[in-house]
Amino acid sequence: MPKPIEEIHFELRKKFKGSLLRSGEPEFAEASGIWNGMVARTPGLIARCADVADVQAAVRSAAAAGIVTAVRCGGHSLAGFSTCDDGLVIDLSRMRHVTVDEKARLARAAGGCLLGSIDTATQQVGLVYPAGVVSHTGAAGLILGGGTGWLMRLHGLSCDNVQGFTLVTADGSVVHANARENPDLFWALRGGGGNFGVVTEFELKLHPLTSLMLSSGLCVRDDIPLVLRYWRDFMADAPDELKWNISLVLAPDSEDLPARVRGRPALSESIVWFGDEQKGRKYLDHILSIGHPLAISHRTISFLDLQTMADKDFPHGRRYYTKSGFFKTLSEDSIDRMVASLNSIPSPRTQIELAYMGGAAGRVGAHETAFGDRSAPFVMNLLADWTAPSEDAANVSWVRSTFKELRPAMKPGVYVNFMSGDEEDRVKEAYSARWDRLVAVKTHYDPDNFFRLNQNIPPLHAEKTVSRGPNL
């Protein structure tokens, strides 16, 4: 039987430099909350680590006791894997230091960093790291799952820009992984999620960038399928410097829009150009000449502004549910089904997110990283976003039914960072031909599946599904 959590607390406090938080203590409520409000759990103990030695102590004590253990960086796990009931949470939020080597264009980021921690440090010297789009996201979870974002066409996925990892494995050892040292682990960490240990430091490749051009617009009625078809055909030959994202939404209740379109189905487009402004202006103007977009905006902004502009749209505590997939192409039928689904969206913040990978991210071979095959460049995420628990059923049902209609046209596979907590059956699908290699790495570094609160890859002798997500 596992030791009571009180015994783990007693054992750790003798050598722990960080904070050990239990229910009723002042910081516990804030420390136990996570981003997705659908997941409400109460851990028995939160170990807010001050350094690598604290992480080692927490892992060793929890593993020896057989206590269920979650790892929290930013708490952004859609599936709620950043917390647990009654067990231990290894909290890295005190480990957010970043050092930048401007000359070598490298950064070392501690395991608890948020995306904003890295962006702020690297922009001080005019450099960037390709990451996600919400600055309060934990960098570790994003990177380990792959990491899509604004810069993926220009510089690749987040995991493509990691040159080394330092992690604490299930036996409490500190292990380094890079192209020369433990190369199989290095491969697995680039897309294989949190299955292999607690990453305490990332060595990141950086690129020069300070500002960019951003344009946006909103299309309604017949322009929605028109723009979708044009985007589908255009992006295959688009330059790497261009990132054109589309969201199918309900138009906001904004005075900037005519009253006749507010709350009606719409296509919101954001187009970013990284590079020569004169060349970029031609692309941005051309894209916004398709259809009759409303609320057109053109801006030259800083990279930090780009990276924080979505923060307020995805705050902590709201309720989120997703299903995601890849398309080789978008058929006429798929486009028609997406557009038709807008008529039944239950929440004004729920949306269909569409991005085109390609570019630098698409040129990385299927077996170079655990993220895998990138030959289906259209990435779709059905993202439900609402507030009241009473609306859970309607939002979850809309995502599930829309996904069921669209799935026959998708290529098998899923981006693990977009998976909800009820999709254990899709983990093997996510890794496909890379599964056996990932199982071998997992078996070597975590034979007892201590790190199982994730999109789990069970070790060889324990390959079975473990229920970990919220009851949806």
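Yes or no, residue by residue, for (1) assigned to a loop (DSSP other than H, G, I, E, B); (2) open to solvent by 30 Å² or more (accessible area, probe 1.4 Å); (3) farther than 30 Å from Glu241 by Cα; (4) out of contact with any Pro (no Cβ under 6 Å at 6 or more places or on another chain):
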residue	(1), (2), (3), (4)
Ile335	no, no, no, no
Met338	no, no, no, yes
Gly372	yes, no, no, yes
Ser375	yes, yes, no, yes
What number of residues within region 346-370 satisfy the criterion of being assigned to a strand (DSSP E or B) and farther than 22 Å from Ile335 by Cβ? 0
Scan region 396-411 and tell me whether some residue there is within 27 Å of Ser82 (Cβ to Cβ), of a type in the set (Phe, Trp, Tyr) and either free of Cβ contacts under 8 Å to residues at least 24 places away in the same chain or not in a helix (DSSP H, G or I) (or both). no
From the options Ser302, Ser297, Ser344, Ser270, residue that is open to solvent by 10 Å² or more (accessible area, probe 1.4 Å), farther than 25 Å from Ala409 by Cα and without any contact (Cβ under 8 Å) to a residue 60 or more places away in the chain: Ser270
Name the single residue, out of those in region 389-419 being among the β-branched types (Val, Ile, Thr) and over 19 Å from the mean Cα position of the chain (by Cα), that is surrounded by the most Cβ atoms within 10 Å (Cβ to Cβ). Thr402
Residue in region 305-333 that is nearest to Ser390 (Cα to Cα), counting only those that are open to solvent by 10 Å² or more (accessible area, probe 1.4 Å) and of a type in the set (S, T, N, Q): Thr308
Evaluate region 379-388: report whether one residue or more is of a type in the set (Phe, Trp, Tyr), surrounded by 21 or more Cβ atoms within 10 Å (Cβ to Cβ) and at pLDDT 95 or above. yes
The one condition Ile8 fails out of (1) without any contact (Cβ under 8 Å) to a residue 40 or more places away in the chain; (2) open to solvent by less than 20 Å² (accessible area, probe 1.4 Å); (3) not acidic (Asp, Glu) is (1)
Out of the residues in region 420-450 that are open to solvent by 10 Å² or more (accessible area, probe 1.4 Å) and closer than 18 Å to Thr83 by Cβ, state the one that is modelled with the highest pLDDT. Phe450
Number of positions in region 451-472 that are part of a loop (DSSP other than H, G, I, E, B) and either of a type in the set (Gly, Ala, Ser) or at pLDDT 95 or above (or both): 11
Considering (1) farther than 30 Å from Val89 by Cα; (2) in contact with a Gly (Cβ under 8 Å, 6 or more places away or on another chain); (3) open to solvent by 20 Å² or more (accessible area, probe 1.4 Å); (4) not small (Gly, Ala, Ser), say which one Glu255 fails and leave the rest. (2)
Inside region 33-138, counting only strands (runs of 3 or more DSSP E) that do not spill past its ends, which hold 1 or more residues that are under 21 Å from the mean Cα position of the chain (by Cα) and either at pLDDT 95 or above or at negative phi (or both)? 69-72, 88-91, 98-101, 106-110
Of the listed residues (Ala70, Ala50), the one being surrounded by fewer than 22 Cβ atoms within 10 Å (Cβ to Cβ), touching a residue at least 40 places away in the same chain (Cβ under 8 Å) and among the hydrophobic types (A, V, I, L, M, F, W, C) is Ala50
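So that you can scan it fast, the table gives a plain yes or no per residue for (1) within 16 Å of Pro377 (Cβ to Cβ); (2) under 23 Å from the mean Cα position of the chain (by Cα); (3) modelled with pLDDT of 95 or more:
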site	(1), (2), (3)
Tyr321	no, yes, yes
Phe327	yes, yes, yes
Asp333	no, no, yes
Asp336	no, no, yes
Val339	no, no, yes
Ser344	no, no, yes
Gln351	no, yes, yes
Gly358	yes, yes, yes
Ala361	yes, yes, yes
Scanning region 381-395 for residues that are among the aliphatic types (A, V, I, L, M) and in a helix (DSSP H, G or I), which turns out nearest to Ile335 (Cα to Cα)? Ala394
Return the residues of region 150-196 that are open to solvent by less than 10 Å² (accessible area, probe 1.4 Å), among the small types (Gly, Ala, Ser) and in a loop (DSSP other than H, G, I, E, B); say none if nothing qualifies. Gly156, Ser158, Gly172, Gly191, Gly192
Answer yes if at least one residue in region 458-467 is surrounded by fewer than 21 Cβ atoms within 10 Å (Cβ to Cβ) and within 18 Å of Ser77 (Cα to Cα), and no otherwise. yes
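The values are calculated or read from the model by the stated rules, or taken from the named source; none is laboratory data. On a predicted model such as this, the values are computed, not experimentally measured, just so you know. Note: ideal-geometry Cβ built from the backbone for every residue, glycine included; neighbour counts use all protein chains shown. Accessible surface areas use protein heavy atoms only, side chains included; no ligands, DNA or RNA. Shrake-Rupley method; radii C 1.70, N 1.55, O 1.52, S 1.80 Å.
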